[in-house]
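These notes are about the structure you will find just below.
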Amino acid sequence: MTYFYVYLLLVTILALILKKRGIMLNYSGDAHQSFSNKKDIPLAGGLFILIPIVFFLDDLLINFFLVSIYLIGFFSDRKILVSAKKRFLIQCLLILLFVTIFNVKIVSSRIELFDIVLNNKFFAIFFSAFCLLILINGCNFIDGLNGLLISSIIIILFMLTKLNLVDNLIISDRSIDQIIFILLLLLLLNIFNILLLGDSGAYLLGFFIGYLIVSSHRINPDISPYFFISLIWYPCFENLFSILRKLKKEFSPLKPDSKHLHQLVMFFLKKKFDLKLIISNNLSSGIICLFNFLILYISTLNPESTIFQVKLIATSIILYIASYMFLFKFYKSNLMFKK
């Protein structure tokens with residue numbers, strides 16, 4: 001346990017040094033980035049969470065995939081792997097390989113016809129890979145505000161351990177608790193603009209939590225698969241909604257923009273209450289996390305019931321769309337007024 005506290009201290013010291021020395025900085029001046037932050041902040045969060053995850057899992061092959069996913073994001077952060085298409089293609093190849101080797105697949109959807117299709121090995125592989133890709137990139141999408149992704153992952157891990165659903169053959173509950181403490185520290189550093197996760201950290205956390213959830217689904221057949229969807233509904237729906245929205249506007253889904261829900265929430269708060277950028281950033285993240293926590297907490301009240309979980313997911317999506325429509329209307333009206 002002493003080593004754990006020493007690691008937390010080292011993370012804090014190194015984060016402050018990176019910030020002071022200007023190492024691994026993030027700011028490139030892109031429009032979507034300037035929307036929520038205009039300062040140079042080290043993209044070191046992913047590295048600080050990679051080290052303990054690799055240590056706790058203690059499986060050479062799984063760690064290879066974790067490091068590989070991290071490196072895709074790292075090269076993106078360093079503007080070496082600039083092409084979104086190339087990043088996505090490499091992700092697809094890695095995830096397909098991972099799902100095939102470890103037989104990471106959705107066991108049941110509780111829909112008889114779809115379960116028959118899931119019995120097909122090739123469809124099961126591609127469907128599981130698709131779900132992981134949606135989650136990984138969805139996590140990257142919601143990492144546009146300080147603390148939003150980190151808080152979401154903390155909540156998911158807490159709910160999994162609360163119901164004792166984690167596969168202890170993969171990672172122990174004690175290790176999950178320690179990862180949560182590390183994430184809490186990173187959350188604090190993130191809120192004060194000392195470090196960011198970057199693409200590397202977002203991809204890593206998305207992959208890690210996706211693997212845990214699919215594994216938990218496999219060993220807990222009494223739990224509705226839609227409960228696990230409830231846990232990750234927000235990043236996944238944010239991604240799917242963004243893809244559909246961009247396709248409708250004939251805009252590439254792979255290109256970033258500043259019209260995600262969390263960005264519109266921040267725009268609304270900043271304009272409505274004339275807040276400073278960092279305050280509106282952190283406040284927006286807190287509001288979304290509180291809403292998501294309530295949804296996830298409600299999902300734990302009846303995790304076995306598919307009907308209960310489907311209703312909850314549908315309600316969440318309806319509230320998301322209604323909020324988006326209101327906020328986007330406010331966004332457009334303010335832009336027109338500005339012109």
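Values quoted throughout were computed directly from the atomic coordinates according to the rules given, and no laboratory measurement underlies them. Nothing here was measured: the structure is a model prediction, and the numbers come from that model. Note that each Cβ is placed from the backbone with ideal geometry, even for glycine, and that neighbours are counted across all protein chains shown.
The figures follow:
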item: Burial ordering of C289, C92, fewest other beta-carbon atoms within 10 Å first; result: C92, C289
item: Cβ-placed point charges (K, R +1; D, E -1), dipole of segment 120-228 about Cα centre in debye, nearest 20; result: 160 debye
item: Length gained when the stretch M325-I278 is fully extended (0.36 nm per residue, less Cα-Cα span); result: 14.5 nm
item: Cα-based reach from K86 at 29 Å (exclusive), listing lysines while leaving out same-chain residues under 8 positions away; result: K38, K39, K105, K121, K246, K248, K249, K255, K259
item: Cα gyration tensor shape for segment 112-181, rounded if a/c is under 1.5, else prolate or oblate; result: oblate
item: Mean residue ellipticity (222 nm) of the chain, computed from DSSP H runs ≥ 4 via -39,500 (n - 2.57), nearest 500; result: -25000 deg cm²/dmol
item: At R0 = 45 Å, FRET efficiency that the Cβ-Cβ distance of S252 and I111 yields, to 0.05; result: 0.90
item: Loop trypsin sites (Lys or Arg not before Pro), segment 85-190, which have at most 16 other Cβ atoms in a 10 Å radius of their Cβ (DSSP); result: R110
item: Footprinting exposure proxy for L135, L9 (fewest neighbouring C-beta atoms within 10 Å first); result: L9, L135
item: Correct option for log10 I(q)/I(0) by the Debye sum over Cα atoms at q = 0.07 Å⁻¹ [calculated from the coordinates] among (1) -0.42; (2) -0.28; (3) -0.34; result: (2)
item: Listed residues V104, S305, L16: farthest to the positive end of the dipole of the chain (Cβ charges); result: L16
item: Pairwise FRET efficiency - K311 versus L61, Cβ, R0 = 35 Å, nearest 0.05; result: 0.35
item: Estimated FRET transfer efficiency (Y5, L294; beta-carbon r; R0 35 Å; 0.05); result: 0.60
item: Proximal aspartates and glutamates to K79, defined as alpha-carbon separation beneath 19 angstrom and excluding residues fewer than eight positions away on the same chain; result: D30, D40, D143, D199, D257
item: Magnitude of the charge dipole, the chain, Cβ model with Lys/Arg +1 and Asp/Glu -1, debye to 20; result: 1620 debye
item: The chain: most fluctuating residue of L132, L145, L254 per GNM, C-alpha cutoff 10 Å; result: L254
item: Candidates I101, I111, I243, ranked by Gaussian network fluctuation over the chain, Cα under 10 Å, top entry; result: I111
item: Positive minus negative residues near L135 (Lys, Arg vs Asp, Glu; Cβ under 15 Å); result: -2
item: GNM top mover of T300, T315, T12 - the chain, alpha-carbon springs below 10 Å; result: T315
item: Percentage relative contact order, the chain, counting C-alpha pairs under 8 Å, at least six apart; result: 23 percent
item: Shape call, segment 8-156: gyration tensor on alpha carbons, a/c limit 1.5; result: prolate
